[in-house]
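Some notes on the structure that comes next.
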Amino acid sequence: MQPQTVRRILRGERADVFRVRENSLEAWPPRLEGEWTTGCRNGAELWRRLRDAGFGGSLRVVTEWTTRRRRAEAAPDARPRICPSARRLAAMLTRGRDHLSREEAVTVALVERSIPALVQARHLFDRFQVMVRQRRAKDLGPWLEEAAAGPLASFVRRLKADQPAVAAALALPWSNGQTEGQITKLKLIKRQMYGRAKLDLLRARLLTSP
């Protein structure tokens, strides 16, 4: 609005700028529900029947109502119309509830009610995260035995194949992070040289001269 209009509102000279928009269908939901229940699902036909009964609204208002009603029936119990991918579903199940949208929270609730095995896998995953972050090496063996028969069986088999190294990573303070960082730096420099990164040039860029 214009500044002068705001001033008039503050002085009490105008009060008509905050009128609530009236909905022309406010008095017609029972009639609409009745026609919909008896089988009339076409928006134009519904509008013609309401017009004959005295309705003064436009065709667009009635067709929008029929579209919303049709979508609500296509997704009963607030179920999502599109099934999320496995990667997205895994992210939703392992994310905090406070970081989920309303639709994602509904999807997670449906999955928890329909597939208890995924709920068990999420609990095992959360315990594994806590074990790694708090470096509880003594909990690794019991966790592997418990998770071996569940949905994380393939992940458990890979951990058991290298169990001594996993236990050492949980128990010892050392890490190969410095080595991985140097390898990443080397690969970055090699890509920056556009195919000319032979050993002599890499040595010249990475090693100091004697």
Within segment 111-153, which residues are small (Gly, Ala, Ser) and not in a helix (DSSP H, G or I)? Ala148, Ala149, Gly150
Inside segment 144-202, can you point out the residues that are closer than 23 Å to Val119 by Cα and in contact (Cβ under 8 Å) with a residue 24 or more places away in the chain? Gly150, Pro151, Leu152
Output the residues belonging to segment 87-137 that are of a type outside the set (Gly, Ala, Ser), more than 11 Å from the chain's Cα centre (by Cα) and over 25 Å from Gln163 (Cα atoms). Asp98, Leu110, Val111, Glu112, Arg113, Ile115, Pro116, Val119
If Leu25 meets every condition in (1) in a helix (DSSP H, G or I); (2) touching a Phe, Trp or Tyr at 6+ places or on another chain (Cβ under 9 Å); (3) at pLDDT below 85 apart from one, which number is that one? (1)
Determine whether segment 65-78 contains at least one residue that is within 17 Å of the chain's Cα centre (by Cα) and in a helix (DSSP H, G or I). yes
Subset tally (residues that are modelled with pLDDT of 80 or more and under 30 Å from Val108 (Cβ atoms)) for segment 28-78: 4
State whether the residues of segment 100-120 include one that is of a type in the set (A, V, I, L, M) and within 30 Å of Pro30 (Cβ to Cβ). yes
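Select from segment 161-201 the residues that are part of a loop (DSSP other than H, G, I, E, B) and farther than 28 Å from Asp139 by Cα and list them in ascending order.
The answer is Met193, Tyr194, Gly195, Arg196, Ala197, Lys198.
The values are calculated or read from the model by the stated rules, or taken from the named source; none is laboratory data. Since the structure is predicted, the reported quantities are computational estimates derived from the model, not experimental observations. For neighbour counting, all protein chains shown are included, and Cβ atoms are generated from backbone atoms with ideal geometry for every residue, glycine included.
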